[in-house]
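Every number here is computed from the coordinates shown, using simple stated rules; none is lab data. Only a predicted model underlies this, so the values are computations on that prediction, with no experimental measurement involved. Virtual Cβ from ideal backbone geometry, glycine too; neighbours counted across all protein chains shown.
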Amino acid sequence: MVTLGKQVYAFPLTNVSETIRIADNEVRRIGNNEVIVVRDKILPLVRLGRLFQCQDCAEDTKMFVVILGSGDKKIAVVVDTLMGEQEIVIKSLGDYLGQVSGLSGACILGDGKVA
């Protein structure tokens, strides 16, 4: 579980390799894309705040990064804060909302917030 602005997001734990904190000066550019080097591997960097056009997201010099992977493919995702693990049941967004880019479902947390 992570936060981005005031919103909570969840990544499947099976896809989370690790979480790290990096400084802004560790981010490099290859063409128009941002990347970071983690354990001698170059990973594409995605700023979740920019992806979801978050207006109140932090743009600090120190960033929390979640390394996600499936097989041999990995990606680094910048988030505002790390909340930790939590068991949740994610429900599909269904036909009512249609396909939302970057989201696969939603859940209601114990405190009533939607993730």
What FRET efficiency, computed as 1/(1 + (r/R0)^6) with R0 = 22 Å and r the Cβ-Cβ distance, is obtained for Leu109 and Ser70, rounded to the nearest 0.05? 0.30
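Which links in Lys41/Lys113; Lys6/Lys91; Lys73/Lys113; Lys62/Lys113 stretch past 29 Å when you go from one Cα to the other? Spell out each step's value before the answer.
Values: Lys41/Lys113 36 Å; Lys6/Lys91 21 Å; Lys73/Lys113 32 Å; Lys62/Lys113 27 Å.
Violating the 29 Å limit, Cα to Cα: Lys41/Lys113; Lys73/Lys113.
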Name the residue farthest towards the positive end of the dipole of the chain from the options Asn32, Thr3, Ala115, assuming +1 on Cβ of Lys and Arg, -1 on Cβ of Asp and Glu, about the Cα centre. Asn32
Taking only the alpha carbons of the chain, the radius of gyration and the largest Cα-Cα distance, Dmax, both in angstrom, are 14.7, 44
Going residue by residue through the range 19-26, the Karplus relation 6.51 cos²θ - 1.76 cosθ + 1.60 with θ = phi - 60° gives ³J(HN,Hα) values, rounded to whole Hz and with x marking Gly or Pro, of 10, 9, 10, 10, 8, 4, 6, 8
Going by amide H atoms built from the backbone, whose H comes under 5 Å of the H on Val46, apart from near neighbours? Ala76, Val77, Val78
5 Å is the cut-off here: which amide hydrogens, built 1.01 Å from N in the peptide plane, fall below it relative to Val38, excluding neighbours closer than 5 in sequence? Leu43
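With +1 assigned to the C-beta of every Lys and Arg and -1 to the C-beta of every Asp and Glu, and no other charges, what is the dipole magnitude of the range 2-84 about the Cα centre in debye, to the nearest 20? Could the numbers behind the result be given before it?
Working: 11 positive and 10 negative charges, 37 e Å.
Here the range 2-84 has a charge dipole of around 180 debye.
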